[in-house]
């Protein structure tokens, strides 16, 4: 950060101070962002020559994906949106992409393995449900009309935002109203299919602090070490915990058993 092209302050501090270009903004995340990466890196996934073939422990896979994806949302959407809302008022919008209707492939439940993973919203935004050779793995022909309806809704919101600075009810005015962040009706819009039932406003916001508390309270984790693996990811990659907090959590057991987050 040189203080000219990029603020010398951390991004969140710059937002809180109003040290940025204050224009209407949409911030969003996918509900299962981390599943794409966990399939390729998690110890809870069996891989052959780098290709995922089975979940070794679906309980821990789901728990790790849930909490690390929430951390992504806290840092990438909720905290920045709240800071910007306090500075520029009701011209900040948030969304969460929840679509997880991938078909089964052989023995694989892709809706569970991938869900609403990173980058899967992009074909819907551009109105072309194609991912090259992966298209038949990701998009069920039996759900084509349902999926296209979601894509049309998303492009309608995006287009109206480009025209007016507000996504509103889309270009045709026929969609649920996408309200600004921290409105009475909710803070962000959930994007899912079928459109008539699942596009809605939600108040399910989170912070880095609440993400850490969520791991501690989650009964999916049966031992401190199972929680420690997620805490270590928070400290190592997500920036949710600083090294000092990581060193003291679970009475120091995480650091003692797993080592420092940079290890």
Legend entry - For residue 69: the one exception among (1) touching a residue at least 60 places away in the same chain (Cβ under 8 Å); (2) buried (at least 20 other Cβ atoms within 10 Å of the Cβ); (3) outside any loop (DSSP other than H, G, I, E, B): (1)
Inset, instruction - Name every residue in region 18-40 that is in contact (Cβ under 8 Å) with a residue 60 or more places away in the chain, over 30 Å from residue 8 (Cα atoms) and crowded, with 16+ Cβ neighbours inside 10 Å, in order of residue number. - result: 31, 32, 35, 36, 39
Inset, instruction - Take the residues in region 221-241 that are at pLDDT below 90 and surrounded by fewer than 19 Cβ atoms within 10 Å (Cβ to Cβ), then tell me which one is farthest from residue 59 (Cα to Cα). - result: 239
Inset, instruction - Check whether at least one residue in region 206-220 is part of a loop (DSSP other than H, G, I, E, B) and loosely packed, with under 13 Cβ neighbours inside 10 Å, and report yes or no. - result: yes
Inset, instruction - Just give me the residues in region 177-191 being surrounded by 19 or more Cβ atoms within 10 Å (Cβ to Cβ), in contact with a helix residue (DSSP H, G or I) (Cβ under 9 Å, 6 or more places away or on another chain) and not in a strand (DSSP E or B), in sequence order. - result: 180, 181, 187
Legend entry - Flag for residue 92 being touching a strand residue (DSSP E or B) at 6+ places or on another chain (Cβ under 7 Å), modelled with pLDDT of 95 or more, under 20 Å from residue 214 (Cα atoms) and surrounded by 20 or more Cβ atoms within 10 Å (Cβ to Cβ): no
Legend entry - Matching residues, region 154-176, being surrounded by 15 or more Cβ atoms within 10 Å (Cβ to Cβ), assigned to a loop (DSSP other than H, G, I, E, B) and at positive phi: 170
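The values are calculated or read from the model by the stated rules, or taken from the named source; none is laboratory data. No experiment lies behind these values; they were computed from the predicted model shown. All Cβ positions, glycine included, derive from the backbone under ideal geometry; neighbour counts span all protein chains shown.
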